[in-house]
Each structure stands twice: as C-alpha cells, then as structure tokens.
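Working notes for the structure below.
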Amino acid sequence: MTQVPKQNQPLVTHIYTADPSAHVFNGRIYIYPSHDLDHDGESNDNGDQYRMEDYHVLSLDSFDSPVVDHGEALHIRDVPWASKQMWAPDAAHKNGMYYLFFPARDREGIFRIGVATSVSPEGPFLAQPNYIEGSFSIDPAVFVDDDGRSYMYFGGLWGGQLEKWRTGEFRPDPEELAPDAPALGPRVALLSDDMLSFQAMPHEVEIVDEDGSPILAGDEDRRYFEGPWVHKHAGLYYLSYSTGTTHKLVYAVSRDPLGPYTFKGTILTPVIGWTTHHSIVQFQDKWYLFYHDSSLSGGVNHKRCVKYTELHYGEDGTILTIDPYPE
Ligand code: FUB
C-alpha cells in the first residue's frame with residue numbers, strides 16, 4: 001500500500017482510522033491510531049458505535065514519502081483482560097523498548113488502560129496480562145520528559161466514564177455536575193521506570209483561566225472533555241484536548257508537567273464528524289498536528305480518517321488557530 005500524504009487529506013484510505021498519536025522514533029514518523037470498524041450500527045452518546053478490535057501502526061520516512069501500514073500490531077483476542085472497544089492508543093519509547101498504551105473495557109464493562117510491549121515501533125506488541133493497576137477511563141497519552149520521567153495523561157467524559165470516577169471509586173450513576181462547578185480535569189500519573197505501572201495513584205490536572213479560577217463544567221468552549229496530549233515547546237508544557245460538545249481542540253500551558261495549566265485558546269476549529277482528537281509532534285524543524293475527521297465516510301461519526309497539517313506558533317508561544325478546511 002503506497003500513498004504519499006497531502007496536508008488536510010486522509011493519510012490512508014484502505015481502512016478507517018482515528019485518534020492519531022504521532023511520534024518520531026529513529027528519525028521516522030510513526031502514527032498510532034484507532035482502527036475504526038466499517039459497520040452500520042447505531043450511534044449513541046455512550047460511544048457504543050466505536051467497536052474497535054485491533055490496532056494498526058502507520059509510518060512514513062518524511063512527508064514526501066508513502067505511508068506504510070504495518071498491519072495488525074495488537075488484537076483484542078490477545079489481551080487477556082479486555083472485552084471490547086479498543087479506543088485511542090498512544091506509544092512511547094524507553095529503555096530500548098516500545099510501549100503501546102491503550103484503553104478497553106474490562107470483563108465488567110469498565111474502561112481500563114493496558115500496556116503492550118515490542119522491540120520494534122511497528123509491533124507486533126505483546127499485551128501484559130492485566131491492565132495497569134489504578135487505571136480507569138480512556139485516551140492515554142504518554143509524555144516522556146527530557147529528564148526521562150514519563151507521565152500518563154488520560155480521561156474522557158460520557159462513554160469514557162470519567163465522571164463515574166469523581167469520588168475515586170467507580171459509581172455507575174453519578175450525579176451530574178452543576179454548570180458552575182469546576183469542570184473535571186484529565187488525570188495524570190507518573191509511570192514506573194519500566195513503564196508498566198503507575199508509580200503513584202493518578203490525580204486530577206487543574207485547568208484554570210488567566211485569573212487562576214478553575215474552568216467551569218458549563219464552559220463547554222473551554223472545559224476538558226477527552227483526548228489529552230502534552231508536548232513541550234520553548235520550555236513550556238502544552239496540554240491540548242478536545243472540548244467534546246463544542247468540537248474544538250484547545251490548549252492550556254504550564255511550567256510544570258503536573259499543572260496547573262492556564263487556558264490559552266483554540267488549536268483546531270470543528271471537523272466533519274462528532275469527535276475531534278489529535279497529537280502534536282516536531283519532525284525535523286517543523287511542528288505538525290495530526291487529527292481526524294469523518295470526511296472519508298461522508299460524515300459517519302465512527303468511520304474516521306487520520307490527517308495532518310503543519311502547526312505554527314506565534315512569537316509569544318501561542319499556537320495559531322488552524323482551519324481544517326482551508327480554501
Ligand atoms: O475513538 C473512540 C473515542 O472517540 C476516543 O477514545 C475519543 O477520544 C474519541 O475520539
């Protein structure tokens with residue numbers, strides 16, 4: 001399968017892909033997406049339509065070379081603890097090994113986060129027998145800092161079950177948050193040196209406005225919904241995420257990877273389809289946004305396609321807002 005990618009166009013068209021986590025390993029760009037199933041089942045707010053069963057790893061030498069699909073890297077049948085819905089994954093490289101982090105529902109229907117290992121960035125990956133102890137919800141994003149410390153950010157509302165963990169325990173029917181209550185933030189946990197467990201239990205990441213007040217649950221243009229990503233630029237940590245119901249990718253910055261993060265603005269305006277999910281990566285001397293939309297299927301929410309575009313910073317470090325459909 002050979003296809004040279006173009007900005008704002010699907011990276012691949014032979015399968016549906018979403019939730020791209022991009023990394024540069026050994027000078028090559030690797031993309032770890034969800035692999036959307038091609039089915040015509042009904043959609044609901046619980047995300048039952050996202051029935052994914054496996055992961056494929058994509059890679060490219062540069063943006064002038066074809067995208068390679070390395071085939072099935074991990075299938076749910078080989079994950080002893082998982083029952084269904086392999087959602088947005090991420091990958092990391094440490095100690096000469098590659099780690100694939102992924103959420104799935106366990107045998108009780110509760111989303112957990114697992115890890116699988118490989119000696120190669122393209123897999124195949126071998127899953128650990130159990131999910132990471134203390135993990136819950138969805139959308140793991142692992143950031144390895146310059147000092148070697150690795151942090152996992154995760155969490156998603158609604159189908160992702162984050163609000164069910166508000167008290168620290170799983171509550172199937174939690175009370176709704178009042179619009180003027182602080183919004184729920186993503187969770188962060190420091191990973192152990194072997195990347196297979198949490199060094200300490202996860203805690204909530206605070207996202208505040210310019211005055212230091214928490215972003216509120218009713219502030220749907222700015223509050224956290226799902227899809228966290230952390231990258232570092234000019235000494236600052238950037239936490240970006242999806243606002244869900246308002247379909248934006250937005251960001252906040254901090255001098256500490258654990259936060260608090262101060263809200264800054266919008267990275268990407270809404271795309272075709274309900275979900276929006278991304279990653280940000282530096283390749284050579286430029287920065288890129290990987291994202292998805294549902295254009296390949298004519299707008300079906302669970303049949304998405306991964307795309308990329310260049311991302312630019314202003315002189316003050318702000319990220320310039322991107323229109324996914326430039327003229
Ligand atoms: O792909 C399934 C879910 O949809 C992801 O986990 C969310 O971030 C959203 O993109």
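For region 264-327, the alpha carbon positions stretch 38, 24, 22 Å along the principal axes, listed from largest to smallest. In this calculation the C-beta distance from L190 to E169 is compared with R0 = 30 Å, giving a FRET efficiency of 0.90.
The label point for D45 and the one for E108, both projected 7 Å from the Cα toward the Cβ, are 2.5 nm apart. Stokes-Einstein, applied to the Kirkwood radius of region 60-189 over Cα pairs at a viscosity of 1.306 mPa s and 10 °C, places its translational diffusion at 99 µm² s⁻¹. For the chain, the direction-averaged projected area of the alpha-carbon convex hull comes to 15.7 nm².
About the centre of its Cα atoms, region 241-316 shows a dipole size close to 320 debye [charges on the beta carbon of Lys, Arg (+1) and Asp, Glu (-1) only; nearest 20 debye].
Charged side chains reduced to their Cβ positions (Lys and Arg at +1, Asp and Glu at -1) give the chain a dipole of some 540 debye around its Cα centre. Counting only trypsin sites (Lys or Arg not before Pro) that are in a DSSP loop and have at most 12 other C-beta atoms within 10 Å, tell me the longest site-free stretch of the chain. The answer is 108-254. When region 194-289 is described by a simple charge dipole with +1 on each Lys and Arg Cβ and -1 on each Asp and Glu Cβ, the residue from Y238, P260, I280 located farthest towards its positive end is I280. Placing +1 on each Lys and Arg Cβ and -1 on each Asp and Glu Cβ, with no other charges, gives region 59-192 a dipole about its Cα centre of roughly 460 debye. Please find the FRET efficiency linking T321 to Q9, where r is the Cβ-Cβ separation and R0 is fixed at 22 Å, and quote it to the nearest 0.05. The value I calculate is 0.65. To the nearest µm²/s, what D does Stokes-Einstein give for region 65-119 at 20 °C and 1.002 mPa s, using the Kirkwood radius over alpha carbon pairs as Rh? Translational D for this selection: 173 µm²/s.
Every number here is computed from the coordinates shown, using simple stated rules; none is lab data. Note that the structure is predicted; figures quoted are calculated from it, not measured. Neighbour counts are summed over all protein chains in view; Cβ atoms, including those assigned to glycine, are modelled from backbone coordinates with ideal geometry.
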